[in-house]
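Any read-out appearing in this document is the output of simple, stated calculations on the displayed coordinates, not a laboratory observation. Since we're looking at a predicted model, the values are computed, not measured. Backbone-built Cβ (ideal geometry, glycine too); neighbour counts: all protein chains shown.
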Amino acid sequence: MRGITARQTARLLSLAFLTLALGLVHAQAKTDFSGTWKLNTAKSDFGAMPPPDAMTQKITHGDPSLKANVVSTGGMYGDMTYDVAYTTDGKECVNHVGEGEFKSTLKWDGDSLAVDIKGSFGGNEFTAKDRWTLSSDGKTLTITQHFTSAMGEGDIKEVFDKQ
């Protein structure tokens, strides 16, 4: 049996480093939520709350910046159009929707975004925990939320289809 030559050793080391480098690139790549997303009300669940008639989110995501333009019609809050801006680095972000103020922190949890929200809307204080996930084919965005307020608590699941 022959020993391993210097050339074979160099090839093995090169292959090992390449494999490690590709693994690190894949591990560092974050989910990109960019796109135009339309709410699929048939797949969503708003619990006891009335769902909007329609909702579209245009998301621009260049980590750590995440911005969205949201257009919603009908439902509990009527017709609304607003813009929000976040960072995914765990720093607090403040957004205003109508007369409501929301303070949010977004952090990566694997391929998902974990979102903690504190705010007020219509004079009611609330907290919420959201989780944003993207399907493996990149065509479905699911946002689950557990919220707590003086009026009670509940869960919402919004499913969006990429346009």
Rough spin-label spacing in nm, given labels placed 7 Å along Cα→Cβ, for E153 and S120: 2.2 nm
Point-to-point label distance, Q163-T56, nm (Cα→Cβ direction, 7 Å offset): 0.2 nm
When only DSSP loop residues count, what trypsin sites (Lys or Arg not before Pro) in the range 56-163 have their Cβ near at most 14 other Cβ atoms within 10 Å? K91, K139
Give the calculated FRET efficiency between D137 and D89 to the nearest 0.05, with a Förster radius of 30 Å applied to their Cβ-Cβ distance. 0.65
Amide H contacts of S44 (H built 1.01 Å from N, under 5 Å, at least 5 apart or other chain): V159
